[in-house]
Amino acid sequence: MKWCIIGAGGIADRRTIPALKKDASNELVAVMDKNVETAKLIGEKYGVKYYTDPDQMLSEVECDAVYIGTPVACHYDQAMTVLKHDRHLFIEKPLAIDSKTSKKIVEAYKAKGKLITVGYMMKYHNLHKKAKEIIALDGIGKVVDVRAQFSCWYPDIKGAWRQNKKLGGGGALMDLSVHCIELIEDILEDEIELVKSFYSTRTFSYEVEDSGVFIFKTKGGVLGHIDCNFNIPDNASESKLEIYGEKGYAICKGTLGQEEKGKLYHLYSPQGDYSAKQERVTDKPTEYDGENSDLYLKQLQVFVNQVKSGKLNYFYADRAVQVQKIIDKIYKEKQK
Ligand SMILES: NC(=O)c1ccc[n+]([C@@H]2O[C@H](COP(=O)([O-])OP(=O)(O)OC[C@H]3O[C@@H](n4cnc5c(N)ncnc54)[C@H](O)[C@@H]3O)[C@@H](O)[C@H]2O)c1
């Protein structure tokens, strides 16, 4: 598959292009960035043509698919440019600035029969897949409580698009909690429906929130909460996902992030009668390790296989729209 890139300088250069290059069935043919120095730098780094205009790139270059890794506010126009040129699209999360815009993109791709998928790669982590399998096999019983904490240290940076509401659409919740929502829905095979949130900017001086938390209820009745911060040091954040059931738990530590690292602890410890003594015998959980391969490659392979087989599946794209609906609800809640 031949690929073009729109927005070459950030995550594209750090993760996506290196992942593309690991699979010989992919070929990078051109990159585009609005910053001419970045376009030139990345084009020369990978030995491909470079552009500053996506329309021009897609008119001149033959390719099957395009990857978009630009600020969120650019996603809609660029996704439509890609579609105008009849290419399949792999676009970064969050899909667009709000759910209405996100839905418009997905519906347009469906109507034209072009694949669109969104960069939620954490569901491909071997430990998240293992947790999903354990739950499906009744390894923790009926799920009753889910908690996720995902943070990154993100101080004031002049001109940073993520710190600008118009360009990023929001702060820690828009940027980080979207991963948690998508992942939880994937593992539980359920949908988050109701939310109550608190968010504020406590540490830094930018306009979007650096601290956000919300509780939720899924359609299936599971309760949970998600915490996301830009103001907890990276080394102090456990980046964890805890899932508790009536018979035990599946706890992933250090798995929320860009690498397939961390550990999964699975405890199966069903209990019969009520114990007034509340004696707790500590059963040892079974431990599993992250397999440390490439999440970005794994998600690209799913995309490539669909395009090659012609069996286009919009399930994940629809879920990316659903994730944006939750974010819309959160930002509509009044904060005092
Ligand atoms: N899935 C993940 O693991 C992951 C990680 C980081 C970022 N992201 C997502 O990727 C996207 C980009 O984030 P980033 O961290 O790489 O940002 P970034 O600012 O580091 O890089 C964005 C690149 O796009 C370029 N750019 C800006 N406006 C453009 C435009 N109008 N046209 C073309 N190029 C333009 C910039 O010059 C820069 O090279 C966002 O949607 C973000 O949420 C996803």
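Just so it is clear, none of the values below were taken in a lab; they were calculated from the coordinates. The shown structure was predicted, so the numbers you read here are calculated from the model rather than taken from an experiment. In this analysis, Cβ positions are derived from the backbone assuming ideal geometry, glycine residues included, and neighbour counts consider all displayed protein chains.
Dipole check for segment 92-241: with +1 at the C-beta of Lys and Arg, -1 at the C-beta of Asp and Glu, and the Cα centre as origin, the magnitude is about 520 Debye. Modelled this way, with points 7 Å down the Cα-to-C-beta line, the labels at residue 44 and residue 305 are 3.9 nm from one another.
Ignoring lysines fewer than eight residues from residue 112 along the same chain, the ones with Cα atoms less than 20 angstrom from its Cα are 2, 84, 100, 103, 104, 308, 311. Put the Cα centre of segment 109-124 next to the Cα centre of segment 283-306 and the gap is 18 Å. Close amide H contacts of residue 68 (hydrogens built in the peptide plane, cut-off under 5 Å, sequence separation of 5 or more or a different chain): 6, 90, 91, 92. Dividing the Cα radius of gyration of segment 77-150 by 2.2 N^0.38 Å, with N the residue count, gives 1.50. The convex hull built on the alpha-carbon positions of the chain has an orientation-averaged projected area of 18.5 nm².
Taking the helices alone, the chain has a mean residue ellipticity at 222 nm of -9500 deg cm²/dmol, built from -39,500 (n - 2.57) per DSSP H run of at least 4 residues and averaged over all its residues.
Peptides 98-109, 298-309 ranked from most to least packed by the mean count of surrounding Cβ atoms within 10 Å: 98-109, 298-309.
Translational diffusion of segment 134-215 was estimated from the Stokes-Einstein equation, with Rh taken as the Kirkwood radius over Cα pairs; at 20 °C and 1.002 mPa s the coefficient is 148 µm²/s. Straight-line reach from residue 219: taking Cα to Cα under 18 Å and skipping same-chain neighbours fewer than 8 places apart, the lysines in range are 132, 142, 196, 325, 329. Volume per residue for segment 28-136 equals 131 cubic angstrom (convex hull of Cα atoms).
Using the Cβ-Cβ distance between residue 107 and residue 287 with R0 = 35 Å, the FRET efficiency computed as 1/(1 + (r/R0)^6) comes to roughly 0.20.
Expressed to the nearest 5 percent, the antiparallel share of DSSP beta bridges inside the chain is 60 percent. Take the convex hull of the alpha carbons in segment 126-289; its mean projected area over all directions comes to 11.1 nm².
Each peptide among 149-162, 24-37 gets the average number of other Cβ atoms lying within 10 Å of its residues, and from highest to lowest they stand as 24-37, 149-162.
Plainly put, segment 66-110 has a radius of gyration that is 0.90 times its Kirkwood radius, both from alpha-carbon atoms, as the Rg/Rh ratio. Note: relative contact order over segment 126-289, using C-alpha pairs below 8 Å and six or more positions apart, is 28 percent.
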